[in-house]
1. Which of the residues that make up region 133-150 are touching a residue at least 12 places away in the same chain (Cβ under 8 Å) and under 19 Å from residue 102 (Cα atoms)?
2. What about residue 131, is it within 17 Å of the chain's Cα centre (by Cα) and farther than 24 Å from residue 28 by Cβ?
3. How many residues, within region 21-63, are touching a residue at least 24 places away in the same chain (Cβ under 8 Å) and closer than 13 Å to residue 99 by Cα?
4. Quickly run through region 163-207 and pick out the residues that are among the hydrophobic types (A, V, I, L, M, F, W, C) and outside any helix (DSSP H, G or I).
5. For the condition under 23 Å from residue 104 (Cβ atoms), part of a strand (DSSP E or B) and not hydroxyl-bearing (Ser, Thr, Tyr), what is the one hit in 3, 44?
6. Which of the residues spanning region 88-110 are at pLDDT 95 or above and of a type in the set (Asp, Glu)?
7. Among the candidates 31, 35, 22, 108, which residue alone is of a type in the set (D, E, K, R), assigned to a helix (DSSP H, G or I) and surrounded by fewer than 19 Cβ atoms within 10 Å (Cβ to Cβ)?
8. Tell me, which residue of region 38-55 that is touching a helix residue (DSSP H, G or I) at 6+ places or on another chain (Cβ under 8 Å) and among the aliphatic types (A, V, I, L, M) is surrounded by the fewest Cβ atoms within 10 Å (Cβ to Cβ)?
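The values are calculated or read from the model by the stated rules, or taken from the named source; none is laboratory data. The shown structure was predicted, so the numbers you read here are calculated from the model rather than taken from an experiment. A quick note on method: Cβ atoms are made from the backbone with ideal geometry, for glycine too, and the neighbour counts reach across all protein chains shown.
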Amino acid sequence: MKVLLINGSPRPDGCTYTALSEVSGSLKKNEIETEIFHIGNAPVYGCSACRLCKEANRCAFDGDCANELAEKMLIADGVVVGSPVYYAGPNGALCAILDRVFFSRPKERFAHIPAAAIVSCRRAGSTAALDRLNKYFTINSMTVIGSSYWNMVHGNTPEQVRQDLEGMQIMRRLGENMAFLMKTMQESKKIIAPGDVEPAIATNFIR
């Protein structure tokens, strides 16, 4: 089994990476393979609502990492999305990528994948950022993993994040909880066949 951990920070080895590494270490102790995927700091496309992805099942914009990330997410047994907090929200580049990842693939392909969000902040805005990231999971029938507190760490440098002893414990516990659920799901599939996911029905407030 494998968990894909997404580093949504422009810094490859900063505070968000430090938190993700703690989750990764906990997963590895439970014999779960991990990969940390860094979105980088190159320019990314925002969704243009062209809807070409509805025929191709991939985003029409191929100039950044969105399509690569989508394919990695769909073959992973679990997903953890990490982001720094900017103005009480996740990194805008990460949100632009995730908008296109989730919009360009059928919802049923993400159903039941265990998922968790973590955020890193200096002081505040963490709960709002965490809420935004969790919405990607709940709208796609993914199974959201929690910990002993909200999935966040505090600090302005990786060294300060490591000093956030409760935050580091939260990350380790998150890894433990995800490993437990993944193993439980793997065993349950031997006796319970996954049910079919009904295709999404999209309506608006008029009809």
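1. From region 133-150, those touching a residue at least 12 places away in the same chain (Cβ under 8 Å) are 133-134, 136-137, 139-150; that's our starting set.
The answer is 133, 134, 136, 137, 139, 140, 141, 142, 143, 144, 145.
2. Working: within 17 Å of the chain's Cα centre (by Cα): yes; farther than 24 Å from residue 28 by Cβ: yes.
In short, yes.
3. Result for region 21-63: 8.
4. Residues of region 163-207 among the hydrophobic types (A, V, I, L, M, F, W, C): 165, 168, 170-171, 174, 178-182, 185, 191-193, 197, 200-202, 205-206.
Correct list: 191, 192, 193, 197, 200, 201, 202, 205, 206.
5. On the way: 44 fails: part of a strand (DSSP E or B).
Going through 3, 44 in turn, the sole match is 3.
6. 99
7. Working: 31 fails: assigned to a helix (DSSP H, G or I); 35 fails: assigned to a helix (DSSP H, G or I); 22 fails: surrounded by fewer than 19 Cβ atoms within 10 Å (Cβ to Cβ).
Only one candidate passes the filter, namely 108.
8. Among those residues, the one meeting the criterion is 44.
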